[in-house]
Every structure is written in structure tokens, then in C-alpha cells.
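A short write-up of the structure that comes next.
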Amino acid sequence: MKIYFHLSLEEFTNCYVVVNDESEKKEAIIVDPGVITNDMIKQIEAGPYRLSAVLITHNHFNHVKGLRTLNKIYSPVIYAADYEITGSKTYVLKGDGKINIAGLDVEYFSIPGHTADGMVYKIGSVLFTGDTITSGITGETASHYSKKLMEDKIKEKIFSQTDETVIMPGHGPPTTVQSEKRFNLDI
């Protein structure tokens, strides 16, 4: 598995292209397609990779607005926890579970708080957290109840991972579970 990072300067959001060179089909997954750039399309096409799926961590416009572009070019299955993203090729996730996408085992964890549809994906030893947790802070919430719920779920589902687990957030630099346990100002 390889992970390619793409930063949208327009939205200051992170997007990731995860590829599986080990699969016969050379498949790819995109996580949080805020803005689809020519570089991303070239990367997929030059692979050549088949875009199998799109993982959405939460339904904020700056993390999903590239879906329209992707659907015009490819036919990926979209995985999300929000019915508003639904379409003919969308699979709505509920709770926690595991699925196989592009020949990779993908675990998913529901972590509401920043949004009601907050979802974290784990592929190998990497967590894609969207805005749930960013290097040193957690996502903003609408109430004290939402904040407490999110913090409890982070401790239960993210901090229970090995210390070496890498966190790829929706904004900012990557971090690790160990760093967040020690230095996160919000928890």
C-alpha cells in the first residue's frame, strides 16, 4: 500500500490517494476529495490505477466537493455515513465495521462530535481521521455534549490503537497516536 498526499490550497484540506500495487487490478481509493486536481488524475491514470472507492470522513463541503468531478470521470463506490451524500453508487456506513476495498482491509469507526456523520477509516497502520482529530487538537463541536462524546470516542477508538499508528488528518500535518496521547491540547 502507498499513500499519496494532496493539499488543496484553495480549501486548506488534505486529500489522500491510497493505492494497492499488490492487487491484480492495481486499484486506488481516494479519501476526502475536497478538490480534484490534474495531478491527482494524472497519478491515477499513470498508475494505471482503477479508482475503486471514495471514503468520506464527514459531509463538509470542503471535503466532498470533488465528488462531482470524480463521478464524471470514474465510477467509484462512495462510502460515507451521511445519507445526504447518497447516490446510486453510495454505500452508507453505520457504526463500526470492516470492509475490503481495492484488496485492502478497511476498518471504519463512527466518531460523532465534529459532525454527526464523523467516520474514521483505518487501512493497515494508518488512520484517516478527517476533522475528528488533527495534530494537537480535536475538531470543533456545536456543544459541550458533542465535545465530550467525541473525546470519549477518540479515547476509546483512536487511542486504543498502537502508539505507532499514523494519523492522517483532514487538515494539517500527519501525527501519531502516541503524539496525540501525550500532546493533544483538547483531550
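The values are calculated or read from the model by the stated rules, or taken from the named source; none is laboratory data. It should be emphasised that the depicted structure is a prediction, and the values quoted were computed from it without experimental measurement. Don't worry about glycine lacking a Cβ; one is built from the backbone with ideal geometry, like all the others, and counts go over all protein chains shown. Protein only, heavy atoms only, side chains kept; ligands, DNA and RNA dropped before computing areas. Shrake-Rupley method; radii C 1.70, N 1.55, O 1.52, S 1.80 Å.
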Next on the checklist: So, in the stretch 37-56, how many residues would count as being more than 25 Å from E10 (Cα to Cα) and open to solvent by 40 Å² or more (accessible area, probe 1.4 Å)?
Outcome noted: 2
Checklist outcome for this item: Considering residues that are in contact (Cβ under 8 Å) with a residue 60 or more places away in the chain and of a type in the set (S, T, N, Q), the number found within the stretch 127-160 is 2
Checklist entry - So E84 clears everything in (1) of a type in the set (D, E); (2) in contact with a helix residue (DSSP H, G or I) (Cβ under 9 Å, 6 or more places away or on another chain); (3) surrounded by fewer than 17 Cβ atoms within 10 Å (Cβ to Cβ); (4) modelled with pLDDT under 95 except one condition, right? Which one? => result (2)
Item to check | Positions within the stretch 64-73 being open to solvent by 30 Å² or more (accessible area, probe 1.4 Å) and either of a type in the set (A, V, I, L, M) or in contact (Cβ under 8 Å) with a residue 24 or more places away in the chain (or both), in sequence order | outcome: K65, T69, I73
Next on the checklist: I'd like to know if the stretch 3-10 contains one or more residues that are β-branched (V, I, T), at pLDDT below 95 and open to solvent by 50 Å² or more (accessible area, probe 1.4 Å).
Outcome noted: no
Item to check | strands (runs of 3 or more DSSP E) wholly inside the stretch 23-92 containing at least 1 residues that are touching a Lys or Arg at 6+ places or on another chain (Cβ under 7 Å) | outcome: 27-31, 50-55, 77-80
Next on the checklist: Take D163 and tell me if it is acidic (D, E) and touching a residue at least 40 places away in the same chain (Cβ under 8 Å).
Outcome noted: no
Next on the checklist: Exactly one condition in (1) open to solvent by 30 Å² or more (accessible area, probe 1.4 Å); (2) assigned to a helix (DSSP H, G or I); (3) of a type outside the set (K, R); (4) more than 21 Å from E27 (Cβ to Cβ) is false for G95; which is it?
Outcome noted: (2)
Item to check | Those strands (runs of 3 or more DSSP E) lying entirely in the stretch 102-181 with at least 2 residues surrounded by fewer than 20 Cβ atoms within 10 Å (Cβ to Cβ) and among the charged types (D, E, K, R) | outcome: 104-110
